[in-house]
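Here's the structure we're looking at; comments come further down.
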Amino acid sequence: MFGVAETQKKEVAPEFTKQLRSVDAPEGTSVMLECHVTGAPPPAVSWQRNGDVIDAAAASADYSVTQISGTCCLKIKRAGPQHAGQYTCTAANPAGTATTSAAVNVICEN
């Protein structure tokens, strides 16, 4: 008689297979930041601007955040000078943490 082998899922640290890219955006336009992350179990993703976490309240007002099948998107609904800065996407799971960053420059019309 054979014993039942216990199967363990292998943990794989997050890895960004598509990095964020810096962007110049005219004031008043929408801006999309997109990256792709892999890992097992699927990593939890968070976004920061200049080191400050973009929380749910900010996300609903100024930003739209989506994560579908590893593709992570942060959309700035209407770019203004207050949205310029360094954006970072952080992915974490029990096996590790990974980050990708890019600058958003808002070009103001004079």
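The values are calculated or read from the model by the stated rules, or taken from the named source; none is laboratory data. Just so you know, these numbers come straight off a predicted model, no measurement behind them. Note: ideal-geometry Cβ built from the backbone for every residue, glycine included; neighbour counts use all protein chains shown.
In the range 39-70, the residue that is nearest to T17 (Cα to Cα) out of those that are charged (D, E, K, R) and part of a strand (DSSP E or B) is R49. Per this entry, S46 is counted among residues that are under 10 Å from the mean Cα position of the chain (by Cα) and surrounded by 13 or more Cβ atoms within 10 Å (Cβ to Cβ).
Each row is one residue, and each column tells you yes or no for (1) in contact with a strand residue (DSSP E or B) (Cβ under 7 Å, 6 or more places away or on another chain); (2) of a type in the set (A, V, I, L, M, F, W, C); (3) at pLDDT below 95; (4) in a strand (DSSP E or B).
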| position | (1), (2), (3), (4) |
| --- | --- |
| Q8 | no, no, yes, no |
| R21 | yes, no, no, no |
| E34 | yes, no, no, yes |
| V37 | yes, yes, no, yes |
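Can you pull out the residues in the range 12-44 that are touching a Ser or Thr at 6+ places or on another chain (Cβ under 7 Å), without any contact (Cβ under 8 Å) to a residue 60 or more places away in the chain and closer than 17 Å to A102 by Cα? Those that are touching a Ser or Thr at 6+ places or on another chain (Cβ under 7 Å), without any contact (Cβ under 8 Å) to a residue 60 or more places away in the chain and closer than 17 Å to A102 by Cα: T17, E34, H36.
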